[in-house]
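The values are calculated or read from the model by the stated rules, or taken from the named source; none is laboratory data. In this text, all values refer to a predicted model and were calculated from it rather than measured experimentally. Here the Cβ is made from the backbone with ideal geometry for all residues, glycine too, and neighbour counts use every protein chain on show.
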Amino acid sequence: MAEKRRRWPGQRTPAAIRPATLLRKAPIADCRLADMAKPPARSAASLLVECLAAERCDYVFSVPGEETMDILDALSRQDAVRHITTRHEQCAAFMADVYGRLTGRAAVAMATLGPGATNLVPGSPMVALTGRRWSR
């Protein structure tokens, strides 16, 4: 009688001694119609951009930053709201302020945390968004 060798987890069995059932490919995961009908999960950034589009906001003025990259990514995937890149947060605030006063529509200025958010103060009739850094 042949001695049975001990196998470690993850150690492969030679094909010559594997049962025929293991040589066949495993079936693909069971696809259910209910799972396929679920809409894809949306991020908070894409929901924010949809809300801005619903409020007829045409432009978001901002300096790209690490904290706002998700929102900028969501803005790049749609055509209703355009992103205008500025060199300084105060410039974004002034642009949003003037655009809001001239058109009467919601004007949005976006900045990063800290001093970037402080630089949005000069613009008055506008929506100011700031990014948030995740901590774990």
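What single numbered condition from (1) crowded, with 19+ Cβ neighbours inside 10 Å; (2) in a loop (DSSP other than H, G, I, E, B) fails to hold for Pro125?
With respect to (1) crowded, with 19+ Cβ neighbours inside 10 Å; (2) in a loop (DSSP other than H, G, I, E, B), Pro125 is out only on (1).
Scan the range 90-128 residue by residue and report those that are under 17 Å from Leu72 (Cβ atoms) and among the β-branched types (Val, Ile, Thr).
Residues satisfying the conditions are Val108, Thr112, Val127.
Which count do you get for residues in the range 108-117 that are modelled with pLDDT under 85 and either surrounded by 13 or more Cβ atoms within 10 Å (Cβ to Cβ) or among the acidic types (Asp, Glu) (or both)?
Pass one, the range 108-117, residues modelled with pLDDT under 85: 113-117.
If we keep only those that are either surrounded by 13 or more Cβ atoms within 10 Å (Cβ to Cβ) or among the acidic types (Asp, Glu) (or both) too, we end up with 113, 116-117.
Here the count works out to 3.
Check Ala106, Ala74, Ala41 and return the single one that is farther than 21 Å from Pro125 by Cβ, assigned to a loop (DSSP other than H, G, I, E, B) and among the hydrophobic types (A, V, I, L, M, F, W, C). So that I can check it myself, show each step before the final result.
Numbers: Ala106 fails: farther than 21 Å from Pro125 by Cβ; Ala74 fails: assigned to a loop (DSSP other than H, G, I, E, B).
Testing whether each residue is farther than 21 Å from Pro125 by Cβ, assigned to a loop (DSSP other than H, G, I, E, B) and among the hydrophobic types (A, V, I, L, M, F, W, C) leaves just Ala41.
Yes/no per residue for (1) touching a Gly at 6+ places or on another chain (Cβ under 9 Å); (2) β-branched (Val, Ile, Thr); (3) modelled with pLDDT of 80 or more:
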{"residue": "Arg12", "(1), (2), (3)": "no, no, no"}
{"residue": "Ala16", "(1), (2), (3)": "no, no, no"}
{"residue": "Met36", "(1), (2), (3)": "no, no, no"}
{"residue": "Pro39", "(1), (2), (3)": "no, no, no"}
{"residue": "Glu67", "(1), (2), (3)": "yes, no, yes"}
{"residue": "Asp70", "(1), (2), (3)": "yes, no, yes"}
{"residue": "Cys91", "(1), (2), (3)": "no, no, yes"}
{"residue": "Ala96", "(1), (2), (3)": "yes, no, yes"}
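For Leu120, work out the one condition from (1) hydrophobic (A, V, I, L, M, F, W, C); (2) surrounded by 20 or more Cβ atoms within 10 Å (Cβ to Cβ); (3) outside any loop (DSSP other than H, G, I, E, B) it doesn't fulfil.
(3)
List every residue pair whose Cβ atoms lie under 7 Å apart, where the two residues are 6 or more positions apart in sequence or sit on different chains, the first residue falls within the range 80-100 and is in a helix (DSSP H, G or I), and the second residue, located anywhere, is modelled with pLDDT of 90 or more and of a type outside the set (A, V, I, L, M, F, W, C).
Ala92/Ser62; Ala92/Thr86; Met95/Thr86; Tyr99/Tyr59
Mind listing just one residue for me: the one in the range 38-82 that is surrounded by fewer than 19 Cβ atoms within 10 Å (Cβ to Cβ) and polar (S, T, N, Q) and, of those, farthest from Thr112 (Cα to Cα)?
For the range 38-82, the residue satisfying everything is Gln78.
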